[in-house]
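Working notes, beginning with the structure itself.
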Amino acid sequence: MAVPELAATSPFAALPAPRVLPRLAGVGIVVLSLAWMGYMVRQAEKSAGFVAHKGTLVVKRCEERRGYGGHHSADAYDVCFGSFRADSGRVVRDGAGLRGWYAAGEKVRVYREGHRYQPVSWRFFWGRLAFFFAGLMMAAFGVMTTVVGHGARTAGEIRASWEALRRTSAGPYVSWLLRAGGGGTAACAVLALVGS
């Protein structure tokens, strides 16, 4: 039995005419995604140890710190303190702080950036590369918005935008960006979980 009110409906939402403002927003998303990706590549490079001021931090004690939300704040974090010795042997600092929880006496490879210390670790390397690949997916979304000229908000609008994009010359490139971004994010996330 046919349902008359559904007989004329399309599986895709109707898109409005392309507009300038969504296209400018799409360009902005692409630019921000590229800046984010560049930042993440630099952070991954540092996490792999390709940075000056590397050394070893010997952990002496760790404590939990609370954010501005009070005693039951959700933004509590752990900080460990110890002595930092640069690989060159010339810089020694007591009371160096490192976010995270480590065992007392543990030697952690770190790099110093200003007054902060960050770990040199493959886990952090892969984690930051995962964010790089997530930036590829955001860039793909920005290209789609730029080409189609419409900001998709619902699942139906996304399907309609995708169908409109597939009919353009940019479609294969956006598809490649999505596949590379999704596959790279998943692979790097798994490597970050198993990395040490």
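The values are calculated or read from the model by the stated rules, or taken from the named source; none is laboratory data. Quantities reported herein were computed from a predicted structural model and do not represent experimental measurements. A quick note on method: Cβ atoms are made from the backbone with ideal geometry, for glycine too, and the neighbour counts reach across all protein chains shown. For accessibility, only protein heavy atoms count, side chains too; no ligands or nucleic acids. Shrake-Rupley method; radii C 1.70, N 1.55, O 1.52, S 1.80 Å.
The table for this structure:
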{"item": "Conditions (1) at pLDDT below 90; (2) open to solvent by 70 Å² or more (accessible area, probe 1.4 Å): number failed by residue 24", "result": "(1)"}
{"item": "Filtered residues of the range 82-95 (kept if touching a strand residue (DSSP E or B) at 6+ places or on another chain (Cβ under 8 Å), more than 16 Å from residue 51 (Cβ to Cβ) and modelled with pLDDT under 90)", "result": "92, 93, 94, 95"}
{"item": "Flag for residue 153 being at pLDDT 95 or above and either within 22 Å of the chain's Cα centre (by Cα) or within 17 Å of residue 22 (Cβ to Cβ) (or both)", "result": "no"}
{"item": "Any pair with Cβ under 7 angstrom, 6 or more apart, that starts in the range 59-78 at a residue that is under 17 Å from residue 104 (Cβ atoms) and ends at one that is open to solvent by less than 90 Å² (accessible area, probe 1.4 Å) and at pLDDT below 85", "result": "64/76"}
{"item": "Selection count, the range 109-133, where residues are surrounded by fewer than 20 Cβ atoms within 10 Å (Cβ to Cβ), assigned to a helix (DSSP H, G or I) and basic (Lys, Arg)", "result": "1"}
{"item": "Criterion (at pLDDT 70 or above and open to solvent by less than 80 Å² (accessible area, probe 1.4 Å)) met by exactly one of 13, 35", "result": "35"}
{"item": "From 98, 34, residue being in contact with a Cys (Cβ under 8 Å, 6 or more places away or on another chain) and touching a residue at least 24 places away in the same chain (Cβ under 8 Å)", "result": "98"}
{"item": "Candidates 153, 167, 179, filtered to the one that is free of Cβ contacts under 8 Å to residues at least 24 places away in the same chain, within 27 Å of residue 47 (Cβ to Cβ), charged (D, E, K, R) and open to solvent by 30 Å² or more (accessible area, probe 1.4 Å)", "result": "179"}
{"item": "Answer from 30, 51 - the residue that is under 30 Å from the mean Cα position of the chain (by Cα) and at pLDDT 95 or above", "result": "30"}
{"item": "Boolean, residue 160 is of a type in the set (A, V, I, L, M), buried (at least 20 other Cβ atoms within 10 Å of the Cβ) and at pLDDT below 90", "result": "yes"}
{"item": "Condition check for residue 144: under 25 Å from residue 32 (Cα atoms), aliphatic (A, V, I, L, M) and open to solvent by 70 Å² or more (accessible area, probe 1.4 Å)", "result": "no"}
{"item": "Failed condition for residue 159, given (1) in a helix (DSSP H, G or I); (2) touching a Leu at 6+ places or on another chain (Cβ under 8 Å)", "result": "(2)"}
{"item": "Single match in 139, 130, 186 (criterion: under 19 Å from the mean Cα position of the chain (by Cα) and under 30 Å from residue 57 (Cα atoms))", "result": "130"}
